[in-house]
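Take a look at the structure set out below.
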Amino acid sequence: MPDRFPGYDVLSKRWTPSWNQKTREVINRRLALTNEPRYLTAEEFALVTVIAARIVPQPGHRPPVPVAALIDHQLDRDQGDGYRHAGMPPLQEAWRQGLRALNAEAQAAHEAPFDQLRTADQDALLTQMQEGKLKDAAWGGMSSATFFKQRLAHDIVHAYYAHPTAWNEIGWGGPASPRGYVRMDANERDPWEAAEVKDGDVEAARRKNRHVG
Amino acid sequence: MSDDPLLSPRAKAGRAPDVFAPGGWIPMHAYREDEAVDFVIVGTGAGGGTLACKLAEAGFSVVAMDAGPYFRPLEDFASDESEQTKLYWTDDRIVDGENPLQMGSNNSGKAVGGSTVHFAMVSLRFRPEWFRSRTLLGYGADWPLDWREMWRYYAKVEQALKIAGPVTYPWGPPRPRYPYRAHEMNAAALALARGCEAMGIGWTETPLATLSAPRGRAHPCVYRGFCTTGCSTNAKQSALVTWIPRAIAAGAEIRDLAMVGRVEVNDAGRATGVHYHREGGWRFQKARNVVVAGYAIETPRLLLNSATSRFPDGLANSSGLVGKNLMAQSNQAVWGISKDEIRSYKGPPSLAITEHWNYDDNKDFFGGYSYMSQGPLPQLWANTQMSARGLWGDSLMAEMERYNHVVGLKIVGEMLPQESNRVTLADAKDQYGLPIARITYSWSENDRALIDHSLRFMARALEAIDAREIWTQDDDTCHLNGTARMGGDPRTSVVDADCRSWDIRNLWICDGSVFPTVGGVNPSLTIQAIACRTGDRIKALAALGDL
């Protein structure tokens, strides 16, 4: 997919009035996360990495967002959402049980663990999970559809879009405090916002994005 | 000692954080635990924070407790969705029913200032007829309050918060000018306006509790768009930066990181104070009156958790209605793609509104709805695409690249009270050892009819402005009300018009729990208006010797 916001890097605003000190601290901590497990086992961590590559597939031409590390960090801090459906275990237990169940489903369907499957088979299993069609005993009382929507895909999507690399891809302005925005109408861009490629003119957008700051 | 407000209390030893100055402090009165204060208030949001101010200014001794931290927004708030989940009530809760509610980010705050720290600032008045919806409109329950009195209190709250609103409000009886001018509309709001004009209905700038001009030490809104993750510039007129500093200046004490687990009641059936958990242990604050203001989940949970042999079904519950008639509001949306760059992340998320369907009774369902322009931030938007539309993988990534072109309309819709929608206690316990809430919720036929009507109408409004690829998000809810309704009869209500419990006359409930119906507008202005009225009524009752 061609880059819609060529050269845009939200981090170029890190030392501008768009980022207050608290934001710098928070994002610096996030960027400093190493891609290794603290809560999950090595096997679980590898499995989350493989699943995340299906839910939020990333291009090969840039350093990947460490989704599994972000999930592991969430689990390590036991950072829940404030509710769970009846039958759903708390955060950490739900993840552990869901990962076990997904591998059990992969074994039952293909006689191999999930991360050994072809991507098409992985996607098929994830689709069945989303539709609530996976019912192996390993799920316990947990609905596979609820696990997908409230836990697995929910946490993966939140982890990915917590990362500046993902913000660049969608052309979001990113942190904005104390400097917010001035130009509010449609098609109006503040100089510290991403420029989108217009009429195929990649270089014009790149030029504008180089000056974002 | 740590200065992490999530780890150790800040409001103690005679001082509280100055929310307007990084690292700053203001002097605060400190009350003894073993000498009864006039009022201990549980919760410091739109209900408790407002009432703490009104009671302190009336000369009562007040201690107000909040389970959450005491933030200084200027130094504690990042421009970041993940970090700012620290504003939400994320303690464990169980949800069930046919339409289980999503809790946490969208409806539950845990901070001094409560949910007003992360609310979207939409400050609307009830339609007058809603206070007598049973008699005049044929559904729900009548309030024991007169709309004219409520409108006087609305005006007082609008002044206290310097609401920024339109010169002329298109619906309902005349109202005074809003104190501050309306905010400039962003592209998302202009899209709503164009859609309304194409459909032949009215629209206006949304009355918002964020400054459009300087006020004291707070600056005007800078349109950064992170409103629902906390305002880091103090433009938002939350309880944290309005009522609470006033309350402290008038002599109230705020205790942060203070989780109340039980209201104590003596043999005579009078409340005597609250047991609360702070700094690692359980403590007791004596009080002549207890006000429960924990919002529509924590309020009934505390009343139920405070059961005694004399009140085995929980406090204030002789009607059996504590926890029942929980009302969320429907929060469905219609989304589309514009050829224009909308960049709806700029500015407050709901800068324009139509209340047309709150005031037009030519409908095939009871109740009404407003709808507003939208500005979801990336995590929320990506999760909406995944959970409401089922997208993941390449289709999600491609959709997210069009984020800046998204335009949407979202309702705040009236859901009808049903006793089967309720808060009960689950077997599981929280970190304080207290039974957690189980929240049971199912939509009624009327709820579905309202939602269908709104989705059809908003889809046409988006089509009319040439948005493409229109789709509907049909599962969302917002706000929480009911569970301790007010009324004129002890058999069918929990509190009277003064928010005073029928059963225990020195126990009061002051938050969205007391709503008999919820209307089609955001509840915060009404909660604050009720709190102001309750403050005045308590003062009057005290003068009569009737406390």
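The values are calculated or read from the model by the stated rules, or taken from the named source; none is laboratory data. Computed from a predicted model, the values in this text were never measured in an experiment. For neighbour counting, all protein chains shown are included, and Cβ atoms are generated from backbone atoms with ideal geometry for every residue, glycine included.
Miscellaneous remarks
- Given (1) within 13 Å of chain A (Cβ to nearest Cβ); (2) in contact with a strand residue (DSSP E or B) (Cβ under 6 Å, 6 or more places away or on another chain), index of the condition B:Ser82 fails: (2)
- Residues satisfying the stated conditions in the range B:312-327, i.e. in contact (Cβ under 8 Å) with a residue 40 or more places away in the chain and in contact with a helix residue (DSSP H, G or I) (Cβ under 9 Å, 6 or more places away or on another chain): B:Leu315, B:Ala316, B:Asn317, B:Val322, B:Gly323, B:Lys324, B:Leu326, B:Met327
- Residues in the range A:1-24 that are among the charged types (D, E, K, R) and in contact with a helix residue (DSSP H, G or I) (Cβ under 9 Å, 6 or more places away or on another chain): A:Asp3, A:Arg4, A:Asp9, A:Arg14, A:Lys22.
- Residue count, the range A:149-181 (criterion: within 9 Å of another protein chain (Cβ to nearest Cβ) and part of a helix (DSSP H, G or I)): 13
- When we screen A:Met142, A:Met184 for residues that are of a type in the set (A, V, I, L, M, F, W, C), more than 8 Å from every other protein chain (Cβ to nearest Cβ) and either without any contact (Cβ under 8 Å) to a residue 24 or more places away in the chain or not in a helix (DSSP H, G or I) (or both), the only hit is A:Met142.
- With a requirement of 1 or more residues that are surrounded by fewer than 24 Cβ atoms within 10 Å (Cβ to Cβ), the strands (runs of 3 or more DSSP E) lying completely within the range B:312-362 that satisfy it span B:333-337.
- Strands (runs of 3 or more DSSP E) lying entirely in the range B:430-547 (those with 2 or more residues that are more than 24 Å from the chain's Cα centre (by Cα)): B:468-473
- Some residue of the range B:328-351 being within 30 Å of B:Ser420 (Cβ to Cβ) and aromatic (Phe, Trp, Tyr): no
- So B:Val514, is it of a type in the set (A, V, I, L, M) and under 19 Å from B:Glu419 (Cα atoms): yes
- Residue that is farthest from B:Ala252 (Cα to Cα) [pool: residues in the range B:56-79 that are within 12 Å of chain A (Cβ to nearest Cβ) and part of a loop (DSSP other than H, G, I, E, B)]: B:Ser79
- Positions within the range A:20-33 being within 12 Å of A:Ile71 (Cα to Cα) and without any contact (Cβ under 8 Å) to a residue 60 or more places away in the chain, in sequence order: A:Leu33
- Selection within the range B:387-403: residues that are within 30 Å of the chain's Cα centre (by Cα) and more than 7 Å from every other protein chain (Cβ to nearest Cβ). The member of this set that is surrounded by the most Cβ atoms within 10 Å (Cβ to Cβ) is B:Ala388.
- The residues of the range B:115-153 that are of a type in the set (A, V, I, L, M) and touching a residue at least 40 places away in the same chain (Cβ under 8 Å), listed by number, are B:Val117, B:Ala120, B:Met121, B:Val122, B:Leu124, B:Leu137, B:Ala141, B:Leu145, B:Met150.
- Scanning the range B:161-209 for residues that are part of a helix (DSSP H, G or I), away from every other protein chain (no Cβ under 14 Å) and crowded, with 19+ Cβ neighbours inside 10 Å yields one hit, B:Cys196.
- If you filter the range B:404-424 down to residues that are under 22 Å from the mean Cα position of the chain (by Cα) and aliphatic (A, V, I, L, M), you find that the one that is nearest to A:Ala166 (Cα to Cα) is B:Leu409.
- Output for the range B:86-104, where each listed residue is within 7 Å of chain A (Cβ to nearest Cβ) and within 17 Å of the chain's Cα centre (by Cα): B:Tyr88, B:Trp89, B:Thr90, B:Gln102, B:Met103, B:Gly104
- Inter-residue pairs, beta-carbon under 7 Å, first within 7 Å of chain B (Cβ to nearest Cβ) and in the range A:74-89, second loosely packed, with under 14 Cβ neighbours inside 10 Å and not in a strand (DSSP E or B), 6+ apart: A:Gly80/A:Pro90; A:Arg84/A:Pro90
- Scan the range A:27-67 for residues that are within 14 Å of another protein chain (Cβ to nearest Cβ), among the β-branched types (Val, Ile, Thr) and surrounded by 19 or more Cβ atoms within 10 Å (Cβ to Cβ) and the total you get is 6.
- Residue in the range A:187-213 that is nearest to the other protein chains (Cβ to nearest Cβ), counting only those that are exposed (fewer than 14 other Cβ atoms within 10 Å of the Cβ), part of a loop (DSSP other than H, G, I, E, B) and without any contact (Cβ under 8 Å) to a residue 12 or more places away in the chain: A:Asp199
- Checked against (1) basic (Lys, Arg); (2) over 18 Å from the mean Cα position of the chain (by Cα); (3) within 14 Å of chain B (Cβ to nearest Cβ), A:Arg96 passes all but a single condition, namely (3).
- Residue identified as of a type outside the set (A, V, I, L, M, F, W, C) and over 20 Å from B:Ser524 (Cβ atoms) among B:Arg194, B:Arg246, B:Arg215, B:Arg175: B:Arg194
- Helices (runs of 4 or more DSSP H) within the range A:1-102 that include 2 or more residues over 26 Å from A:Arg206 (Cα atoms) and not assigned by TED's automatic domain parsing to the domain that holds A:Gln128: A:21-31
- Boolean, A:Ala106 is at pLDDT 95 or above, surrounded by fewer than 22 Cβ atoms within 10 Å (Cβ to Cβ), not in a helix (DSSP H, G or I) and not basic (Lys, Arg): no
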